[in-house]
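Before any comments, here is the structure.
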Amino acid sequence: MGIAAVELCGRFPLAWYSAPEDDPACAAIMDANLVLLKALLLDGDGPTKEDDEHGVLPALHTKIDLLLLMMSKGLRGLEPLPESVYCCMDAQQLRWRGQPAGTPPSPEGPGALALYLRPNMAIPLILPGSLMKDLPGSEGDWSGRFAHRLSETVQECLDRLIFRYHRRSVARSREKP
């Protein structure tokens, strides 16, 4: 598997997470992921003249859902964030340098990673999937690769977020002399 043309790269807190054990647990993770991704997609996008109540109302619902999600996480107790590692994520996989916090799953079993895209928000994107085996020298100096499996709706939002980060990165590189 080669390097993707559009990816999100940076230093992010990253930790192993317990894999969802059944369909309801996986659905709950996908619901929380969807709220987080929608909130991240709204960030920095104020309403425009073209927005009508059909565009503003869903944004308001997403912000309320995010607030409730943050409150529920806060009630469960705040834990320190894991150490940041350099990561690159595309539509199919996450690669990293260093070691995610916690204990990795067995190579043949399911696993999950918690990736904190906005550490100040302290809500992770949970990526269920599996650890990928690499052929020596096939992927450069990456410490690990993880193939994530998301619901179709969550994957669409993640693709949009990755593209937005990529677009902003290209714009910043053009601004610099």
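The values are calculated or read from the model by the stated rules, or taken from the named source; none is laboratory data. Here the structure is a predicted model, which is why all the values come from computation and not from measurement. Methodologically, a virtual Cβ is constructed for each residue, glycine included, from the backbone with ideal geometry; neighbour enumeration extends over all protein chains shown. In case anyone asks, the SASA skips ligands and DNA or RNA and just uses the protein heavy atoms, side chains included. Shrake-Rupley method; radii C 1.70, N 1.55, O 1.52, S 1.80 Å.
Structure values in brief
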| read-out | value |
| --- | --- |
| Test for residue 103: is it modelled with pLDDT under 85, among the polar types (S, T, N, Q) and out of contact with any Cys (no Cβ under 7 Å at 6 or more places or on another chain) | no |
| Test: residue in region 18-39 that is closer than 20 Å to residue 165 by Cβ, in contact (Cβ under 8 Å) with a residue 12 or more places away in the chain, open to solvent by 40 Å² or more (accessible area, probe 1.4 Å) and out of contact with any Phe, Trp or Tyr (no Cβ under 8 Å at 6 or more places or on another chain) | yes |
